[in-house]
1. Note the full-extension length gain between Ile89 and Leu129 as 0.36 nm times their separation in residues minus their Cα-Cα distance, in nm to one decimal.
2. Given a 1.4 angstrom probe, I'd like the percentage of the accessible area of region 1-58 that is carbon and sulfur, rounded to a whole number.
3. Take each of the peptides 3-14, 79-90, 100-111, 129-140, average the number of other beta-carbon atoms within 10 Å over its residues, and list them starting from the highest.
4. By the scheme Lys and Arg +1, Asp and Glu -1, what is the net charge of all other residues having a beta-carbon under 13 Å from that of Ala41?
5. Please list 3J(HN,Hα) in residue order for region 6-22, calculated via the Karplus relation 6.51 cos²θ - 1.76 cosθ + 1.60 where θ = phi - 60°; whole Hz, with x for glycine and proline.
6. Return, ordered by residue number, the residues of region 90-107 whose backbone nitrogen is under 13 Å from a label point located 7 Å along Cα→Cβ of Asp49.
7. Work out Dmax and Rg for region 1-54 from the C-alpha atoms and quote the Rg first, both in angstrom.
8. Which percent of the Cα-Cα distances in region 70-125 go past 15 Å?
Amino acid sequence: MNLDHAVAQHRTLIVEGCDGVGRDALLAGLARRHGYTVARASPDLPHVDPVRPYRELLLHDGALAVDAGLVGELVYGPLRRGHSRVTWIQAFDFADAVAERHGAFVHVTAPVQVLEDRLAAGGASAAALAEIGAAVTGYDHAFSTLAEHPGGHPSVARGPRGGGR
């Protein structure tokens, strides 16, 4: 499914993508053109229930676009700390909650070279540049896994390939 279809069919969009993909521009457009309220999940996840802040965002009434990091934690946690603070069971549980709210995950992506160039122009560290290929692969795997979840999983939409964050 593409982004236009996701906007037409879903009142909740969970926007995810690796560093440099341009989530900010996409979220601003969703707010301006389609009336979505934009919310951002805190990067500080509670130890006991790290998915709680994401579930709490879903309590908002009306059209909601979340600049999330739950899939990002599944990707960057292992890359940067050797483990994720979010388990796959917790991610599937959140996916079910998103589906119950008639939502979709939006996977914003861009080619690795484009992301490397953007990150380098923004002064990213050598470590951040070195991990971008693995992060793109990790996001592809994570979204494929979420899409195959047998529960009430939400749709996975592909966002624009690029932007400018």
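The values are calculated or read from the model by the stated rules, or taken from the named source; none is laboratory data. Not measured: the values here are computed from a predicted model. Cβ sites come from the backbone with ideal geometry, for glycine too, and all protein chains shown count toward neighbours. Protein only, heavy atoms only, side chains kept; ligands, DNA and RNA dropped before computing areas. Shrake-Rupley method; radii C 1.70, N 1.55, O 1.52, S 1.80 Å.
1. Working: separation 40, 0.36 × 40 = 14.40 nm, distance 2.99 nm.
Gain on extension, Ile89 to Leu129, equals 11.4 nm.
2. Working: 1400 of 2910 Å².
Summing carbon and sulfur atoms, their accessible area is 48 percent of the total for region 1-58.
3. 100-111, 3-14, 129-140, 79-90
4. On the way: positive: Arg23, Arg40, Arg52, Arg55, Arg85; negative: Glu16, Asp44, Glu56, Asp67, Glu73.
Neighbour charge sum, excluding Ala41 itself: 0.
5. Result, ordered by residue: 4, 5, 5, 9, 10, 8, 10, 10, 9, 8, 9, x, 6, 3, x, 7, x Hz.
6. Output list for this probe position: 94.
7. When restricted to Cα atoms, region 1-54 yields Rg and Dmax of 13.0, 38 Å.
8. The share of Cα pairs beyond 15 Å in region 70-125 comes to 65 percent.
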